[in-house]
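The values are calculated or read from the model by the stated rules, or taken from the named source; none is laboratory data. Nothing here was measured: the structure is a model prediction, and the numbers come from that model. Cβ placement follows ideal geometry from the backbone for every residue including glycine, while neighbour counts extend to all protein chains displayed.
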Amino acid sequence: MSDFEGLRALVTGGASGIGRATAELLAARGAQVAVLDLDPSSVEKPLRGYRADVTDDTSVREAVAAAVADLGGLDVLVNNAGIGAQGTVEDNDDEQWHRVLDVNVLGMVRVARAALPHLRESSHAAIVNTCSIAATAGLPQRALYSASKGAVLSLTLAMAADHVREGIRVNCVNPGTVDTPWVGRLLDAAADPAAERAALEARQPTGRLVSAPEVAGAVAYLASPLSGATTGTALAVDGGMQGLRLRPVGQ
Ligand SMILES: NC(=O)c1ccc[n+]([C@@H]2O[C@H](COP(=O)([O-])OP(=O)(O)OC[C@H]3O[C@@H](n4cnc5c(N)ncnc54)[C@H](O)[C@@H]3O)[C@@H](O)[C@H]2O)c1
């Protein structure tokens, strides 16, 4: 497919996992792609890497301005940078709450704020936010992370309403558990990584983790000019975890 031919895209958190797969897919489908990340050192051509911390407004503004200047404009923003947190509402202190909300929610706000003036100039403008199944299902030990992604879901809908008449579509993807370096780190930290992986796989009706390219495919679908009538939606990419209720195997 070459539906992104001539378009310019910016992917935050694009040096790893879902963001990397998304940047690579958009480039393969014809886009010029800038990656904004805390550590863009692993970003290879044809992708362009820019160092930025989404918790730092100045750093975001400078990186977005540099990327837009190099790309010659901006059509697609993928707001993907995010961090995790584990525990119940009793387990994270105020500093951790501020930190995760700062990255996962305000990070998207800062990048969108810097990108919007450029997106308004595009005739195929789209924003895709990486949300999570944690926004729509109650998951144990994820109070802070879920609160951050619930905010991303609501932010997506509000932004879609605010910008629809400017021709800017805003949607989000809700991945289940995705096999990325992040989940690899979680598994490594578990008392029994193999058992933890098996539990995460069993939680998804497909019986396996989602792959980063599968999430990238959903992001590209939402960002593509072919989806010009789609705005204000959340697309689950979760192996059926949110919508299906299976009977136990063999019953
Ligand atoms: N992996 C999953 O199971 C899963 C499930 C649902 C949603 N998500 C979401 O997908 C997104 C990407 O997750 P992933 O699994 O690919 O993670 P990852 O850790 O593999 O990649 C995240 C990237 O974001 C960058 N990043 C982190 N903080 C940043 C900051 N302050 N400024 C700039 N860049 C920063 C990191 O450097 C890294 O390159 C996150 O928003 C996450 O919440 C992940």
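Within region 153-172, identify whether any single residue is over 20 Å from residue 227 (Cβ atoms) and either of a type outside the set (A, V, I, L, M, F, W, C) or outside any helix (DSSP H, G or I) (or both), and answer yes or no.
Scanning region 153-172 turns up at least one residue that is over 20 Å from residue 227 (Cβ atoms) and either of a type outside the set (A, V, I, L, M, F, W, C) or outside any helix (DSSP H, G or I) (or both).
Could you check residue 207 against (1) within 11 Å of the ligand (Cβ to nearest atom); (2) over 17 Å from residue 82 (Cβ atoms) and say which number it fails?
Condition (1) is where residue 207 drops out.
Does region 2-13 hold any residues that are within 19 Å of residue 125 (Cα to Cα) and of a type outside the set (S, T, N, Q), and which are they?
Result: 3, 4, 5, 6, 7, 8, 9, 10, 11.
Please go through region 11-41 and give me each residue that is in contact with a Lys or Arg (Cβ under 8 Å, 6 or more places away or on another chain) and in a helix (DSSP H, G or I), ordered by number.
Once the filter is applied, which keeps residues that are in contact with a Lys or Arg (Cβ under 8 Å, 6 or more places away or on another chain) and in a helix (DSSP H, G or I), region 11-41 yields only 40.
So which residues in region 25-46 are over 18 Å from residue 68 (Cα atoms), in contact (Cβ under 8 Å) with a residue 40 or more places away in the chain and either away from the ligand (no atom under 15 Å from the Cβ) or charged (D, E, K, R) (or both), if there are any at all?
29
Out of the residues in region 1-29 that are surrounded by 24 or more Cβ atoms within 10 Å (Cβ to Cβ) and hydroxyl-bearing (Ser, Thr, Tyr), state the one that is farthest from residue 129 (Cα to Cα).
22
Exactly one condition in (1) loosely packed, with under 13 Cβ neighbours inside 10 Å; (2) part of a helix (DSSP H, G or I); (3) out of contact with any strand residue (DSSP E or B) (no Cβ under 9 Å at 6 or more places or on another chain) is not met by residue 191; state its number.
Only one criterion is unmet by residue 191, namely (2).
Going by what's in this entry, would residue 119 be described as away from the ligand (no atom under 13 Å from the Cβ) and either crowded, with 16+ Cβ neighbours inside 10 Å or of a type outside the set (S, T, N, Q) (or both)?
Against the criterion (away from the ligand (no atom under 13 Å from the Cβ) and either crowded, with 16+ Cβ neighbours inside 10 Å or of a type outside the set (S, T, N, Q) (or both)), residue 119 qualifies.
Consider residue 129 against the criteria (1) within 12 Å of the ligand (Cβ to nearest atom); (2) among the polar types (S, T, N, Q); (3) without any contact (Cβ under 8 Å) to a residue 40 or more places away in the chain: it satisfies all of them except one. Which criterion is unmet?
Here residue 129 meets the rest and fails (3).
Among the residues of region 212-229, how many are closer than 19 Å to residue 79 by Cβ, out of contact with any Asp or Glu (no Cβ under 6 Å at 6 or more places or on another chain) and not in a helix (DSSP H, G or I)?
The total comes to 0.
So which of 195, 199 ends up being within 16 Å of the ligand (Cβ to nearest atom), more than 20 Å from the chain's Cα centre (by Cα) and either within 30 Å of residue 125 (Cα to Cα) or not basic (Lys, Arg) (or both)?
Among 195, 199, only 199 is within 16 Å of the ligand (Cβ to nearest atom), more than 20 Å from the chain's Cα centre (by Cα) and either within 30 Å of residue 125 (Cα to Cα) or not basic (Lys, Arg) (or both).
Here are the criteria: (1) surrounded by 18 or more Cβ atoms within 10 Å (Cβ to Cβ); (2) within 30 Å of residue 74 (Cβ to Cβ). Tell me which single one residue 239 does not satisfy.
Unmet condition: (2).
Listed here are the residues, each with its yes/no results for (1) more than 19 Å from the chain's Cα centre (by Cα); (2) aliphatic (A, V, I, L, M); (3) surrounded by fewer than 21 Cβ atoms within 10 Å (Cβ to Cβ).
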| residue | (1), (2), (3) |
| --- | --- |
| 59 | yes, no, yes |
| 69 | yes, yes, yes |
| 73 | yes, no, yes |
| 77 | no, yes, no |
| 82 | no, no, no |
| 91 | yes, no, yes |
| 130 | no, no, no |
| 133 | no, yes, no |
| 136 | no, no, yes |
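Got at least one residue in region 103-117 being more than 19 Å from the chain's Cα centre (by Cα), closer than 30 Å to residue 225 by Cβ and modelled with pLDDT of 95 or more?
yes
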